[in-house]
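The values are calculated or read from the model by the stated rules, or taken from the named source; none is laboratory data. Given the structure is predicted, the values throughout are model-derived calculations rather than measurements. Here the Cβ positions follow ideal geometry from the backbone for every residue, glycine too, while neighbour counts run over all protein chains shown. Ligands, DNA and RNA are excluded from the accessible area calculation, which covers all protein heavy atoms including side chains. Shrake-Rupley method; radii C 1.70, N 1.55, O 1.52, S 1.80 Å.
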Amino acid sequence: MTRIRSAAIAASLVLPATLFAAAPPAFAAAPAGTKPASEAPAFTFTGRYANGGAEVSAVLGSRLYVIGDAATLDIVSIANPAAPKRTTTIDLTRFGAAITSVAARDGYVAVALPAADKTDPGTVVILDAGGAVLTSLTVGANPDMLTFDKNAKRLVVANEGEPNSYAPQDDPEGSVSVIDVKRAVSGKKDAVTAVTFTDFNRGAAGSAELPADVRIFGPGATVAQDLEPEYVTIDGDRAFVTLQENNAIAEIDLKKGRVVAIRALALKDHSAAGNGLDASDRDGRVNIASWPVFGAPLPDAVASFTVKGSTYLITANEGDARDWPGYAEEARIGSGAYVLDPTAFPNAEALRAPAALGRLNASRASGDTDGDGDYDRIVTSGTRSATIWSADSTRIWDSGDILERATAAAYPANFNASNENNILDDRSDNKGPEPEGVAVGEIGKRTYAFVGLERIGGFAVFDVTDPAKASFVQYVNSRDFAADPSSPATDSGPEVLSFVSAKDSPSGRPLVVVSNEVSHTVSIWTA
């Protein structure tokens, strides 16, 4: 492990194979530890850009587009990635109060802006590379993420449609908007196709096609209201959309503008070897162990890649519980609001201890399998891992407990710190390092995935060339734990990651660009 206490880089870690002594679960390949230097890239910190926003950014050539404070967009030159320099700021406040997402491809830049009341329809603005507004379009409620397809012919928008309240009911429908970019910039009125989920409502034509394991639990909500599109990846004429709170992925036919399928994601068994977690924020130490807990992936970001003609998806399994007026999903296992079934958990009292599972947050919406009011299975939000799925959402590989073990090895004194404090074990009771962002790219003849860790910071690199035998390569972090996490001199709270190939990079070398929500910085890494 290398740790340098400077603004440049806090840690760059390649784990020894001996760290992973336990056998992995059957669905995961055994971590291969360190790859030979000749095969694996080694990413190093290169530069940083800071402003009042920086939650999301996008790269186009030598330009970096960074969300600023309020509804502004900074255009930053990264001709020299070591010295990013702002060239202009675009004021988009006439379209909305804040920008939630930005994407750039083939001379176009697009941003998403929710309405003042997020339950109202939102707006997408398309600009040219220099920042001139080309057009604006109305999309669904609370547009939270957008992305272009490979040739920038389509722009796909995830309209999250999350509620303001369940008491009274104030919950719009989730949806996906498919924008024909050429028609949009030409001013055509039919440039936006709204893909909805109303066919899956109870009694509707597609209601029988909704798997029972898809979590529909918002009080009083229809299926269309309850489904919350979070993130999109595109593969040809198909879009794959994470439905985060519902623990599912929707597949959309972009040509026909319709939902092909909604598929539930498998839970992760944290009692299986290699799938451990640190469950308590009260024991003051690193304690990654097996527990009788199941993690619901509830993924945020998703990326797609192709191997030998087959499409694969990789998700960052953040986990995101619902907590709105009228309904709070989570309860601590040791609280009176969470009763363990005595038959399933004969050792319930021991499990409820603060140093065991008592402090762990669990879902009250999942786990009561027989409907008698107590919990026969403990289900938590997120899996503290990244997962590779086939296109039909069959689990191919999972990173197990690698992320917690990697961060523990790098930062034993700050393990599972939050992105807003430097306290050891602070997030152990609630999603741990919290993988949120993911990007995929090719370096040489191999394919790599980059997984951002929202809480402790930094990102992990995995070789996913063989999806069923993916392997850990490196963990890097430019956070300085001697600094205030909100300081622009450090990097805290990774939200979105972008990979820039060598041929598209202004430096001619592969880059990973990380947008950090808490420090309001964008960090640039070079292989």
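In whole Å, how far is the Cα centre of segment 187-265 from that of segment 451-527?
Centre-to-centre (Cα) distance: 30 Å.
Express the accessible area of segment 408-455 per residue in Å², computed with a 1.4 Å probe while the remaining protein chains stay in the model.
Ligands and nucleic acids excluded, the figure is 29 Å² per residue.
In square angstrom, rounded to the nearest 10, how much accessible surface does PHE95 have for a 1.4 Å probe?
Here the accessible area works out near 40 Å².
Given axes a ≥ b ≥ c from the Cα gyration tensor, I'd like to know whether segment 413-527 is rounded (a/c under 1.5), prolate (a/b larger than b/c) or oblate.
Judged from the Cα gyration tensor, segment 413-527 comes out oblate (a/c at least 1.5, b/c at or above a/b).
Can you list the HN-Hα couplings for segment 449-458, worked out from phi with the Karplus curve (6.51, -1.76, 1.60; θ = phi - 60°), rounded to whole Hz and with x for Gly and Pro?
With the stated coefficients, segment 449-458 comes to 10, 10, 10, x, 10, 4, 8, 6, x, x Hz.
With each pseudo-label sitting 7 Å past Cα toward Cβ, what's the LYS189-ALA502 distance in nm, one decimal?
If labels sit at LYS189 and ALA502, their model points lie 5.2 nm apart.
Please report the spacing between the Cα centers of segment 147-180 and segment 38-104 in Å, no decimals.
Here the two parts' Cα centres lie 23 Å apart.
Expressed as a whole number of Å, what is the distance separating the alpha-carbon centroids of segment 266-326 and segment 378-433?
If you average the Cα positions of each part, the centres end up 7 Å apart.
FRET efficiency for ASP484 and ALA167, Cβ-Cβ distance as r, R0 = 41 Å, nearest 0.05?
Step by step, r from the Cβ atoms, then E = 0.65.
Any idea how far apart ALA204 and ALA97 come out in nm if each label point goes 7 Å out from Cα toward Cβ?
In this crude spin-label approximation the distance works out to 2.9 nm.
Can you give me the relative contact order of segment 374-418 as a percent, contacts being Cα pairs under 8 Å and 6 or more apart?
25 percent
Hey, if we sort VAL133, VAL76 by accessible area with the 1.4 Å probe, largest down, what's the order?
Of VAL133, VAL76, the descending order of accessible area is VAL133, VAL76.
How big is the accessible area of TYR375 in square angstrom, nearest 10, if you roll a 1.4 angstrom probe over the protein chains?
About 20 Å², rounded to the nearest 10.
Got a number for the accessible area of VAL192? Probe 1.4 Å, square angstrom, nearest 10.
50 Å²
Would you mind telling me the share, in percent, of accessible area of segment 405-527 contributed by carbon and sulfur at probe 1.4 angstrom?
Summing carbon and sulfur atoms, their accessible area is 47 percent of the total for segment 405-527.
What do you get for trypsin sites (Lys or Arg not before Pro) in segment 262-356 restricted to DSSP loop and a cutoff of at most 11 other Cβ within 10 Å of the site's Cβ?
Filter output for segment 262-356: LYS308.
Read phi for every residue in segment 220-235 and hand back ³J(HN,Hα) as whole Hz from Karplus 6.51 cos²θ - 1.76 cosθ + 1.60, θ = phi - 60°, with x for Gly and Pro.
Result, ordered by residue: x, 8, 6, 4, 5, 6, 6, 6, 10, x, 10, 8, 10, 10, 10, 10 Hz.
Can you compute 3J(HN,Hα) from phi for each residue in segment 298-314, using the Karplus curve 6.51 cos²θ - 1.76 cosθ + 1.60 with θ = phi - 60°, rounded to whole Hz and x for Gly and Pro?
Using θ = phi - 60°, the values come out as 6, x, 8, 6, 9, 10, 10, 8, 10, 10, 6, x, 9, 8, 10, 10, 10 Hz.
Per the Kirkwood treatment, what hydrodynamic radius in Å, one decimal, follows for the chain from the mean inverse distance over all distinct Cα pairs?
After inverting the mean inverse Cα-Cα distance, the result is 23.1 Å.
Give me the percent relative contact order of segment 178-233, please, defined on Cα pairs under 8 angstrom at least 6 residues apart.
Taking the mean separation of contacting Cα pairs over the length of segment 178-233, I get 25 percent.
Leaving ligands and nucleic acids out of the surface, order SER498, SER186 by accessible area at 1.4 Å, largest first.
Ranking SER498, SER186 by accessible area, largest first, yields SER186, SER498.
Apply the Kirkwood formula to segment 276-363: the hydrodynamic radius equals the inverse of the mean of 1/r over all pairs of different alpha-carbon atoms; give it in Å with one decimal.
For segment 276-363, inverting the mean 1/r across all distinct Cα pairs yields 15.4 Å.
How much length is gained on full extension from ASP180 to ASP120, taking 0.36 nm per residue of separation minus their Cα-Cα distance?
19.4 nm
Quote the relative contact order of the chain in percent (integer), defining contacts as alpha-carbon pairs under 8 Å separated by 6+ residues.
Worked out over the chain, it gives 15 percent.
Can you pull the semi-axes for segment 76-146, root of five times each eigenvalue of the Cα gyration tensor, sorted largest first, whole Å?
One finds semi-axes of 25, 12, 11 Å for segment 76-146.
In what order, largest first, do GLU420, GLU55 sit by accessible area if the probe radius is 1.4 Å?
So the residues, ranked largest to smallest area, are GLU420, GLU55.
Hey, quick one: spin label on ASP323, modelled 7 Å out along Cα-Cβ, who in segment 347-364 has an amide N within reach, i.e. under 14 Å?
Inside the label zone: 360-364.
Sum -39500 (n - 2.57) across every DSSP H segment of at least 4 residues in the chain, then divide by the residue count to get the 222 nm mean residue ellipticity, nearest 500.
Calculated at 222 nm, the ellipticity per residue is -1000 deg cm²/dmol.
Explain nothing, just the number: dipole magnitude of the chain about its Cα centre with +1 on each Lys and Arg Cβ and -1 on each Asp and Glu Cβ, in debye rounded to the nearest 20.
The dipole of the chain has a size of about 2020 debye.
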